[in-house]
Structure formats: structure tokens, C-alpha cells
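To keep things clear, I will list the structure first and then write my remarks on it.
Nothing in this text is a laboratory measurement; each read-out follows from the coordinates by a stated rule. Computed from a predicted structure; not experimentally measured. Heads up, the Cβs are rebuilt from the backbone with ideal geometry, glycines too, and the neighbour counts pull from every protein chain shown.
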Amino acid sequence: MAGDEDDPAKIQILKDALYDAARENGSEARAFSQKDLLDFDIIPADNPMLLLRVVQRLCDDKLFVGITQATGLAWRWRNKEDAKKYTSLPNDETMMVYAVIDEAGADGIWNRTIKNKLNMHEAVVKTCIKYLETKGYISSMKNVEHPNKKMYIKANLRPSERATGGPWFTDGELDTAFISELTMIVFEYIKTQSAYRGSQAGGAGAAAAAGSGAGATKVPKKGVIRGGIDGGDSTSSSRGVKRTATDMSTDDIVQQQSKHPTAATKEKPKVFYPMPAGYKHYPTVTEIAKLIHETGITNNTTLGEADIQQLVDVLHYDGLIEPIRVNGRKGYRVTRAAKQDASSFQKRQQERQQAGGVGLPVGSDDLVGPPPTANGLTEAPCGRCPVFELCEEGGPVSPSNCVYFLQWLGLASSEENTNTLAGGATPNGVAGVAAVPGLVV
């Protein structure tokens, strides 16, 4: 019996069978205990000594990796390609360094952590890392959590989102321009899908039209006819009378007025109105993610629903949108719909590019959302005046020459407003995005 257990051919057969069974019953991350290996019914009579010899052969060939758990010793299987890399290493020190880097997985590991874990001299660790890099077994990487640390990862692994920062980081740097532009697109889509445009009834324009219509007499398009039915002149009031050149000279003036309507006859301004109660088609995160994916506006960056949810959460925390649940369907709608800018998305982008106002932060009035709520007390410049203590009549600053008052009351020209800004500077930032196919504007 003991001779059968030491038979190399039999051990090889059992080793291959046990390795195949472990691969078929779990991933590389699963740990198999002694009981799990015996339950495969590969080891005859569940002989623990024979199992020990077979497992030892697998560990020697680097096909099994021993680990310690709370319940005792366990093993994980390793694919044959990685096992060949281990067996090809020149010495135990290099093998130990490679094993630590392998154990770190997609998060990578710092070179100083390798030194401390293995208690090796720094020169030895550097020599091993250099050899592994030359062979193409490992590669250096950047970690956004530790940008100044030299990190290493297995060459065939892709760094985790924790290490790279996910889609919001580019070359280890937070891509604020990408986040700002994409957040603006998400907000615009939610706004156009959760509210509708309509003409503003009443207002100053309508009041002016009503006032002018009450006291004004309509002018004939064919010119003003002197006299009339009640003019008292029987000759001028008869039909078929010819008009003079002076009478007909008003035709051109009337036609020009019809081509250039006054403020009273202009089109009423457009505003957003909230959807009626019971509306069930507010956009969801899934629909927003589908829009971003189908339009291809993120180029080579793949965004999942979890990534879009982060952008939606930012808009929610900023008070620009709010969640709403209808029939178990969680969607989002814009807040203060009537105060939103009703001009088209592309038009505002073109105006922003022409004005040079690029790269404004998310939440600024030029990008998303209505202006903040305010009242006369908070809007007045005195409440936030930096030279309030110096303001008095006859002093260096007084209400009569206050530039802030002129701006607030709209009495200063646009050039003066620009010159009185702090430093005369304009905001810096990112160029606007192009028109987005499929985005309702």
C-alpha cells in the first residue's frame, strides 16, 4: 500500500485529476479546504497522507497556492501560464517579489511595501523588480490615491478603478473639464424631458400691446385716405377718388413697420413649465446612460450606470434636480422649471464660445440651472460691500458714486461693467461641447 502511494505515475495522475476538478468547481479566487479536495472523490479511500503528497506536488509545480484561513490551511489553483512564469524565475528572491506583486492584484503595490513585507534589502528588491520588468512579467503604474509612489502590477492585469480613479481621471489627474461638460449634458437632457416649453402669457409685452391697442387707430396698409365718410367733404368721400402722391407716400412707411414689428407685436418669450401631475416618463439613470452610450460623446471612455448615477447625484445635491417615483419607476425632474433658461442648448453653447466664457464650474449660471433665489435685501450691494465701513457722504466711497449701485440698477454701460469687475478678468475654462445627437433641445 505504501508502495502505491509513492508511485510517481499514480501521483501524477491524481495530481492532474485534482487540478482539473479544482478548476471546474471554482475560480482562482476560491479557497479549497482539505475537506473540499477530498469531496471530489479523487483520492482513494480519502487517504489524507496521499492527498498531502498530491497537493505538495501541485505546490511544487506552482499550480496550487497555499493560504491560511481561520478554519485552517486552504489552497487556490493557479493557471498554467502563470505557473510557468514562476518556475522560470532564477532564484527564490525574485519569485517572492513576483508573488507579492501577484497577490496585490489589480490595485498594485508600492515598492517600499514589497521591501517591508519580505524584509529584504532595498538593492535586492530593485534588482528583482528590474529583472521582472525586463521579462515583461510586471509593469509600473500610477495610483490616484498615491500619485507620488512607485507602484507595480502584473503586466497582464488592468489597473482597478480604485487605482486609476475610474473614468473621471485622465493620466492620473482629475478631468474637471470632462466632468463639467458631461454634467451639463445630463442636466440639459433631464430638463428637456421633465418640462416643456410654452409661451409666457401676459407680462410687460402683453400689457404694452393692450395699452397701445386701446388708444391707437389702425392704419390702412394701402395708405392714409384724407377725409372720409364723416369728413364732411362729399367729393373726397365718394368712391373711386384718386389719392395724391402725398397720400400714397405713407405706403412704404407702413410696409417697413410691418416688416419690423414693435415690442408689443414681438413673439412672446418662451418659458419652461413642469409636467402635469401623473406624468410617468421622467428620465431614469438607465435612459441617461443609454443616451450617453448611443451618442458616443465620451469617445473611448465607457460609462456605466453607476458612473452616470454619480453625475445625477451631484445635480441632486446641488438642488438642480429632484428624484420622483411614479408607479415604482424612479426618475428625475428639474427644479424651478419656470426659472430655467428656455433657449436651446446649442444656442447657449455658441454664445458661451463666442463670449470666451469657457470652463465655468458646474452649477454656474452660465451653464446649468436658474439664477439663485434672492430678494431685495440680498441683492442690494450694501449687504456684501467690501468697503461698507468707508461708505459715507463726502468720503472716498459714497452712495452717489458707488459703482456697485450703478451695476445693480443697470445704469452703467456694458463697458463700464466689464472694467469694474475684479481685475477685469473673465472666467477661464473648457470649450463647449458640440451638438449632441438625440438630445432634445
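Amide H contacts of Phe169: Asp175, each under 5 Å away and 5 or more positions distant or on a separate chain (H built 1.01 Å from N in the peptide plane; Pro and chain starts excluded).
Centre-to-centre, using Cα atoms only, segment 1-79 and segment 147-182 are separated by 39 Å. For segment 74-165, relative contact order (Cα pairs under 8 Å, six or more residues apart, normalised by length) works out to 30 percent. Couplings for segment 118-123, taken from phi via the Karplus curve 6.51 cos²θ - 1.76 cosθ + 1.60 with θ = phi - 60°, read 8, 6, 9, 6, 4, 5 Hz in order; Gly and Pro are left as x. The distance between label points at Ala306 and Glu145 comes to 1.4 nm (points 7 Å beyond Cα on the Cα→Cβ vector).
If you plug the beta carbon distance of Cys385 and Tyr317 into 1/(1 + (r/R0)^6) with R0 = 41 Å, you get a FRET efficiency near 0.85. Ranked by the mean number of other Cβ atoms within 10 Å per residue, highest first, peptides 315-324, 39-48, 281-290 order as 281-290, 315-324, 39-48.
Computed 3J(HN,Hα) for segment 23-28, one whole-Hz value per residue from the Karplus formula 6.51 cos²θ - 1.76 cosθ + 1.60 where θ = phi - 60°, is 5, 6, 10, x, 7, 5, glycine and proline marked x. Computed 3J(HN,Hα) for segment 175-191, one whole-Hz value per residue from the Karplus formula 6.51 cos²θ - 1.76 cosθ + 1.60 where θ = phi - 60°, is 8, 5, 5, 4, 5, 5, 5, 5, 4, 5, 5, 4, 5, 5, 5, 5, 5, glycine and proline marked x.
Placing pseudo-labels 7 Å out from each Cα toward the beta carbon at Ala277 and Ser398 gives an inter-label distance of 5.8 nm. Summarising the amide proton neighbourhood of Met120: residues at separation of 5 or more, or on other chains, whose placed amide H is nearer than 5 Å comprise an empty set. Summarising the amide proton neighbourhood of Val326: residues at separation of 5 or more, or on other chains, whose placed amide H is nearer than 5 Å comprise Gly331.
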